[in-house]
Amino acid sequence: MKLWLRSAACITGILIGIFITFKLVRSKRKRTRKVPPGTVILHQFKRPYLGVPSVSPPCLKLETYLRMAKFHYECDYVPKMSSKGKMPWIEYNGQDIADSNFCIEFLIKENGPGFGIDVDSHLSDEQKAIARAVLVMLEENTFRTWSYFLFLGEGNEIPKKVFLENFSFPLRYLLFRFGFQRNARRNLHGHGIGRHFPKEVYGIAEKDLRAVSTILGEKKFLFGDKACLADAYLFALVSNFIFVKPVSPQGKVILTQLKNLEAHTNRMKEAYYPDWDEVALG
């Protein structure tokens, strides 16, 4: 059995190398798309049509920000990673910017804080501090529990559908098992959350979500009647938790005990995604 696993891992490693090389070569082809000045090209994973516009909360957060700030943007689904090896990233007026938060900071700097581009401009200094703390918790902690669910938990069929739909068994299984899943396990173990048992991982997520639920309370958005960037990321996470099937343990807690988070997500969806059925369901 161990010999079979080693052989499978070796073969898969070769196949992954070929697969990555092919993707890199294809992604380096010169872009022919022409866009008007001021148009953002959003590089992100393709639409999964599984109930959300993206199963990647960072991608969905950045797209939601672009809608909140009323940028004209176009999506590019070619699987070309940023200079930092991740998605999403943007092209704007000839410049490539990696990391969703750096993308937002760059757009604000390039265009100035006016015209609604800085979606946190209405917050007080204290509210900005709280929003920053919430955003970091969601991005650096709660998000990892979603990755755990997708790659190491009951949601592992989701990334197979999204990223490996063009591959059949056994290659699909091997690419996921020795590529995607192994990489996720290594990253989550390095973060620390991957060292825990499933019940502990989802317990951490529940504590995070309860904290945000308390901050939200009965308000429309985290800090009143107007959404901020932390609202965008909360929406990106919670929509995945509750809309993607199978519903995650995090989603079950929200749907049964933290109803204000569900209501918040529906408000964000109604406010910024009038085309929800088109981009989320196909």
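The values are calculated or read from the model by the stated rules, or taken from the named source; none is laboratory data. All values derive from a computational prediction rather than experimental measurement. Counting neighbours? That spans all protein chains shown, and the Cβs are built from the backbone with ideal geometry, glycine included.
Quick look at the numbers
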item: Qualifying helices (runs of 4 or more DSSP H) (wholly inside region 198-280; at least 1 residues being over 18 Å from the mean Cα position of the chain (by Cα) and without any contact (Cβ under 8 Å) to a residue 12 or more places away in the chain); result: 198-216, 249-257, 259-272
item: Pick from region 232-249, criterion of a type in the set (Val, Ile, Thr) and out of contact with any helix residue (DSSP H, G or I) (no Cβ under 6 Å at 6 or more places or on another chain), ranking: farthest from ALA280 (Cα to Cα); result: VAL247
item: Residue match in region 171-189 (condition: of a type outside the set (Phe, Trp, Tyr), closer than 22 Å to LYS252 by Cα and surrounded by 13 or more Cβ atoms within 10 Å (Cβ to Cβ)); result: no
item: Filter pass, LYS109 being farther than 28 Å from ALA211 by Cα, surrounded by fewer than 19 Cβ atoms within 10 Å (Cβ to Cβ) and touching a residue at least 40 places away in the same chain (Cβ under 8 Å); result: no
item: Selection status of GLU218, acidic (Asp, Glu) and either within 20 Å of ASN260 (Cα to Cα) or surrounded by 15 or more Cβ atoms within 10 Å (Cβ to Cβ) (or both); result: yes
item: Failed item in (1) surrounded by fewer than 20 Cβ atoms within 10 Å (Cβ to Cβ); (2) under 29 Å from LEU261 (Cα atoms), with LYS84 passing the rest; result: (2)
item: Residues satisfying the stated conditions in region 112-136, i.e. buried (at least 19 other Cβ atoms within 10 Å of the Cβ) and part of a helix (DSSP H, G or I); result: ALA131, VAL134, LEU135
item: Filtered residues of region 78-105 (kept if part of a loop (DSSP other than H, G, I, E, B), over 14 Å from the mean Cα position of the chain (by Cα) and within 15 Å of TYR65 (Cβ to Cβ)); result: none
item: Condition check for SER147: within 19 Å of the chain's Cα centre (by Cα) and exposed (fewer than 13 other Cβ atoms within 10 Å of the Cβ); result: no
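One line per residue, one yes/no per condition, for (1) modelled with pLDDT under 95; (2) within 19 Å of GLU139 (Cβ to Cβ); (3) surrounded by 14 or more Cβ atoms within 10 Å (Cβ to Cβ):
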| site | (1), (2), (3) |
| --- | --- |
| LEU209 | no, yes, yes |
| ALA232 | no, yes, yes |
| LYS259 | no, no, no |
| ALA271 | no, no, yes |
| ASP277 | no, no, no |
